[in-house]
There are 2 protein chains.
Amino acid sequence: MQSLIKLSVIFCCIFLFACQGSVDSKVASSEKVVDDSVVENQALHAIFNRKSVRQYTEREISQDVLDNLLRAGMAAPSSRDRRPWHFIVISDKEILDNLGGQLRNAFFMAGANKAIVVCGDEELSDNCWFVDCSAVTQNILIAAESMGLGAVWTAVYPYDDRADIVRETFGLQKNIHAFAIIPLGYPLEKNEPKNKFDESRIHYNKW
Amino acid sequence: MQSLIKLSVIFCCIFLFACQGSVDSKVASSEKVVDDSVVENQALHAIFNRKSVRQYTEREISQDVLDNLLRAGMAAPSSRDRRPWHFIVISDKEILDNLGGQLRNAFFMAGANKAIVVCGDEELSDNCWFVDCSAVTQNILIAAESMGLGAVWTAVYPYDDRADIVRETFGLQKNIHAFAIIPLGYPLEKNEPKNKFDESRIHYNKW
C-alpha cells in the first residue's frame, strides 16, 4: 500500500511539473505575440494563410458561421463612416449554378455551399464605396480562413459585363453595385498559401 | 511523514482534477471556434476589435513587429495576382510632423511612432491598384490590432490634394500613387470598437 502511495506521489509530481511547464510556455508566448512572434497569433496566421479556394466539400455552413462572416464584413472601416455596404447571401443552388455558368471563369461557384455578394451603395458613398467594399471583402476572407472555410474573391467591380449579370440576377436598384462574390465552403483539399513577401517593395523614409 | 504523504496525494488529486477540467474546456472551445464562437478565435477578435486609434505612447515599434505588418500587407490578394503595391515606412519624426501639418485632419500623424504609406503602381494594375491597396491596408490594420498596436486608415486616394502632398514629400514617379497612410503606435488610452452590425443590410437569395 505504501509503495502504491509513493508511486502516486511520483506520478503526481511528474504531472505537476508538466502542467507548470505548459503554463510557463503560455505566458511566454502571449508576451511574444506582441513583440516578435506569429506562432501563437491566430490573426496573423489567418492573414498569412488566406488563399483562394475553389473546390469545396458538401458540408453545410451553419448560420452561426455565416453570421460571423457577415459581422466581420460589417466591422470594416469606411470612408467618413458611411458604411455603404449590403450583402446578398446565396444558398439557393440554382442561383449559384446560374452565376457560375454566366460569369467568366467562375465555374467553381456552382460547387460552393453558399456565397456572399458584397454590394456598395453609391448614394451612401459616391467616391469610395468600392474602396470600402474591398476592406469588407478582405475581412470576410480572413474570417473565413480563421474558421476553416475556403473562399475566393471573385471580382465583379470594375467589370461592366459581370456587374450587369449580377444586377439582372437580383434586380439591383441603380444605386446598388455588386462589388465581389465570395463563394464559400469547406475545402476539398489542402491548399497552400503563396508567399508574396518582396523586400524590394519596402522603402524607408524615402522612395 | 505518512500523513504528509497522504496530504500530498489529496492535494495532487485535486490539482489533477482541475487540470483535467481545463483540458476539457479547451477541447470544447476549439470545436466551438469553427462552429459558433468567437471567444477563442483571435482572428475574429482582431477583426471585431479593430478601431481607429489616433493617440499613441512613445513606445518604439520593433523591426519584428514592423516586418509582420509589411508581411501582412503583402499577403493580400490582388487582381490577376499583379501585386501592385509598394510601402514607404516613415520613422523620421520630421516627415511625420510635416505630413501631419500639411494633410487635412491628420494632425495625429505627428504623434505616431511610425507610419506606413501604402502605394499602388498603375503600371502593374491600371484598373485595380486602389482595390488591391484597400485589401492591403485592411490586412495591416488587422495585423496591427492583433499585436496590440493602434492605427488609423488615413485616406489619400481618391483625394488629389492629399495625393499631391505625398507625391511631393517622397518624389513619387508618375505611375506610383499613394493610397493611404497608416500611422502606428502603442495606444495611449483604451479605445472601444464600434458595433456596426446591421441586419437590414443582409439579404437572402434576393434583394
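Values for this structure:
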| quantity | calculated |
| --- | --- |
| Residues of the stretch B:74-125 that turn out to be basic (Lys, Arg) and in contact with a Ser or Thr (Cβ under 6 Å, 6 or more places away or on another chain), as a count | 2 |
| Residue in the stretch A:58-73 that is aliphatic (A, V, I, L, M), part of a loop (DSSP other than H, G, I, E, B), more than 30 Å from residue B:185 (Cβ to Cβ) and more than 11 Å from chain B (Cβ to nearest Cβ) present | no |
| In the stretch B:47-78, residue nearest to residue B:90 (Cα to Cα) [restricted to those that are without any contact (Cβ under 8 Å) to a residue 24 or more places away in the chain and of a type in the set (Asp, Glu)] | B:67 |
| Residue within the stretch B:97-105 that is more than 10 Å from chain A (Cβ to nearest Cβ), of a type in the set (Gly, Ala, Ser) and surrounded by fewer than 24 Cβ atoms within 10 Å (Cβ to Cβ) present | yes |
| Single unsatisfied condition, residue A:126 versus (1) closer than 28 Å to residue B:153 by Cα; (2) of a type outside the set (Gly, Ala, Ser); (3) touching a residue at least 24 places away in the same chain (Cβ under 8 Å) | (3) |
| Odd one out for residue A:196, checked against (1) of a type outside the set (S, T, N, Q); (2) over 18 Å from residue B:138 (Cα atoms); (3) assigned to a loop (DSSP other than H, G, I, E, B) | (2) |
| Of all residues in the stretch A:131-147 being at the interface with another protein chain (Cβ under 7 Å from one of its Cβ atoms) and small (Gly, Ala, Ser), the one that is surrounded by the most Cβ atoms within 10 Å (Cβ to Cβ) | A:134 |
| Residue tally, condition under 20 Å from residue A:204 (Cβ atoms) and either within 7 Å of another protein chain (Cβ to nearest Cβ) or part of a loop (DSSP other than H, G, I, E, B) (or both), over the stretch B:148-170 | 3 |
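To keep it simple, each residue is scored yes or no on (1) farther than 21 Å from residue A:176 by Cα; (2) assigned to a helix (DSSP H, G or I); (3) in contact with a helix residue (DSSP H, G or I) (Cβ under 6 Å, 6 or more places away or on another chain).
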| position | (1), (2), (3) |
| --- | --- |
| A:86 | no, no, yes |
| A:89 | no, no, no |
| A:116 | no, no, no |
| A:124 | no, no, no |
| A:134 | no, yes, yes |
| A:138 | no, yes, yes |
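Quick note: the coordinates plus some simple rules give every number you see, no bench work behind them. Owing to the predicted nature of the structure, the values given are computational and were not obtained by experimental measurement. Neighbour counts are summed over all protein chains in view; Cβ atoms, including those assigned to glycine, are modelled from backbone coordinates with ideal geometry.
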